[in-house]
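The values are calculated or read from the model by the stated rules, or taken from the named source; none is laboratory data. All of these numbers come straight from a predicted model, not from anything done at the bench. Here the Cβ positions follow ideal geometry from the backbone for every residue, glycine too, while neighbour counts run over all protein chains shown.
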Amino acid sequence: MNSSHSLAATLNDILQVVNPTEGDWAKRFQIINDLQSVVQTVDILRGATVEPFGSFVSNLFTRWGDLDISIELPNGSYIPTAGKKLKQTLLLDVLKALKSLSGFHGIKYISHARVPILKCNSNNGNISCDISINNLSGQMKSKLLFWINGIDDRFRDMVLIVKEWAKAHGINDPKTGTFNSYSLSLLIIFHFQTCEPAILPPLSEIYPGNMAGDLFGVRAIAEKNIEDICSVNINRIKSNRSRVINRSSLADLFISFLAKFCDINTKALTQGISPYNGQWEDIDTNMIWQPKTYALFIEDPFEQPANCARAVGQRNLHKITQAFQTSYQKLSTNQTHPLTVLVRPEVLSIVTRSQHAGPGMNQLRLHPQGRTNQAGILRGPTGPHLQTYNGNQYQNRNGGSHSQTHRGAHGPTQAQQRYPSQNSSNKRVNQRPLQGSQSTSESQSQDEVVSNNDTPKRNPNNGYSSQNPQGQRWRVRSERNE
């Protein structure tokens, strides 16, 4: 067996383990309902709604991933603003309610963050939850990543693999000065933009503006304007028959990902990463990035010029560089079994058992992945039976359950729950807010509420779970300064 085939098989084994099962989805839906019940016990929050975002909404979470929650304050049909002091006060009220009720433990209030958050763990699966107030920006970023999933299936697989690899090397924890999960997703987007031929375009070709700054006024209108722009542009990208197809395997893409960032510490001295423009950019000539105050700059493409890697320090940038270099050397020269490079010991144990168990381990109930179609990228992930959230419980808008399956190891983004489904394949899904649910126009990167307790906590015996490049124009832009 050659090294490339061994790596490909190993990546597939890892995906089978880290992909969420139906039970993992169900637990998170139940937690959202539980938190909604808790919020309703707080008098000042009567009428507020609990809405998920982050990797759960973008369908980029592993089965041990955390759950990001935004408590949306009622403000009629408009996007409200809430100052930091008010958010701190409201989260303290939620903290008291959580402590007075059963169902959650490990409750911790983090007031010093740029956006205050409340951390807790659910007794149902010990799932870590990060709670914030009025985080419409985080919700929209999550949806944009979900829509990007629809351009090329390899993006989601790469995110799950890279997350596990980064945790195995101790570089996926902003609390200790390394990457948050949002930054890792943006690095993969950047890699897909700059490979040859490109798989993804500069994100300015999907949304040519500062998305976070466009969230004001009537919420339904603001969200739908963003949706419509992204839908038109993604449909144009997917229907472009002249685009050059990148047929690289997942294994090849992962190896080239490691190779691309082996000198990230050196490049970071003078350049920053811009997924918005799809290229490295000189910091000295980028007026909105000046002055250079960070060890590494990864621009948030939906909230420029925010730096998603602001937690990364110089010492840890060296650690990150070493992880890329040693992993690339070991995998490209077949020095060791890929599993020893790619996963944590606890995940290695699960993967090893699943390999010995044979095909039967793959017959566990994995949640079906939704489909997208050429006519409408925002069509519900479960076809005409899109999941919706009514403020009290998750349910199927059309009633009943769905049986559609697609790439079984991939779960659906049921968390696109606030979208009414359109049965016609040539219609986009129109976003509608929950009744009485609003959010703030204050922008916040997803990394502010990313928990890094993505560690298997359950009995491992409980189970485990495209091409879309553009043509020469992307390659010219993305290869510049590389």
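Quick notes on this one:
- Restricting 167, 175, 163, 141 to residues that are in contact with a Phe, Trp or Tyr (Cβ under 6 Å, 6 or more places away or on another chain) and basic (Lys, Arg) narrows the list to 141.
- Pair list, Cβ < 9 Å and 6+ apart or interchain, from the stretch 124-150 residues that are among the acidic types (Asp, Glu) to residues that are in a strand (DSSP E or B): 130/67; 130/68; 130/69; 130/110; 130/117; 130/118; 130/119; 130/120
- Members of the stretch 321-351 that are in a loop (DSSP other than H, G, I, E, B) and of a type in the set (Lys, Arg): 344
- Exclusive hit being of a type in the set (Ser, Thr, Tyr) and at pLDDT below 95, set 321, 293: 293
- Consider the stretch 173-183 and keep the residues that are surrounded by fewer than 24 Cβ atoms within 10 Å (Cβ to Cβ) and of a type outside the set (Ser, Thr, Tyr). The one that is farthest from residue 326 (Cα to Cα) is 175.
- If you go through the stretch 120-171 and keep only what is over 27 Å from residue 345 (Cβ atoms) and β-branched (Val, Ile, Thr), you end up with 131, 133, 148, 151.
- All positions within the stretch 233-258 that are of a type in the set (A, V, I, L, M) and in a loop (DSSP other than H, G, I, E, B): 244, 245
- In the stretch 239-266, the residues that are buried (at least 17 other Cβ atoms within 10 Å of the Cβ), more than 25 Å from residue 150 (Cα to Cα) and not hydrophobic (A, V, I, L, M, F, W, C): 265
- Matching residues, the stretch 281-301, being assigned to a strand (DSSP E or B) and farther than 22 Å from residue 212 by Cα: 282
- Filter result for residue 138 (in contact with an Asp or Glu (Cβ under 9 Å, 6 or more places away or on another chain) and more than 30 Å from residue 258 (Cβ to Cβ)): no
- When 119, 108 are checked against the criterion of being in a strand (DSSP E or B) and touching an Asp or Glu at 6+ places or on another chain (Cβ under 9 Å), a single residue qualifies: 119.
- In the stretch 137-180, the residues that are in a helix (DSSP H, G or I), over 15 Å from the mean Cα position of the chain (by Cα) and modelled with pLDDT of 95 or more: 165, 167, 168
- Of 49, 62, all but one fail to be surrounded by 23 or more Cβ atoms within 10 Å (Cβ to Cβ), of a type in the set (Ser, Thr, Tyr) and closer than 30 Å to residue 333 by Cβ; the exception is 62.
- Criterion (within 19 Å of the chain's Cα centre (by Cα) and small (Gly, Ala, Ser)) met by exactly one of 58, 37: 58
- Just one of the listed residues (89, 81) is at pLDDT below 95, farther than 30 Å from residue 240 by Cα and assigned to a helix (DSSP H, G or I), namely 89.
- Residue count for the stretch 193-232, restricted to those that are crowded, with 18+ Cβ neighbours inside 10 Å, in a loop (DSSP other than H, G, I, E, B) and among the small types (Gly, Ala, Ser): 1
- In a residue-by-residue description of the stretch 304-320, the property of being assigned to a loop (DSSP other than H, G, I, E, B) and farther than 20 Å from residue 175 by Cβ applies to at least one position.
Matching residues to (1) in a strand (DSSP E or B); (2) more than 30 Å from residue 183 (Cβ to Cβ):
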site	(1), (2)
8	no, no
27	no, no
32	no, no
37	no, yes
56	no, no
61	no, no
70	yes, no
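- Test for residue 267: is it of a type in the set (Lys, Arg) and over 21 Å from the mean Cα position of the chain (by Cα): yes
- Restricting the stretch 104-125 to residues that are surrounded by 15 or more Cβ atoms within 10 Å (Cβ to Cβ) and over 20 Å from residue 175 (Cα atoms), the residue that is farthest from the chain's Cα centre (by Cα): 104
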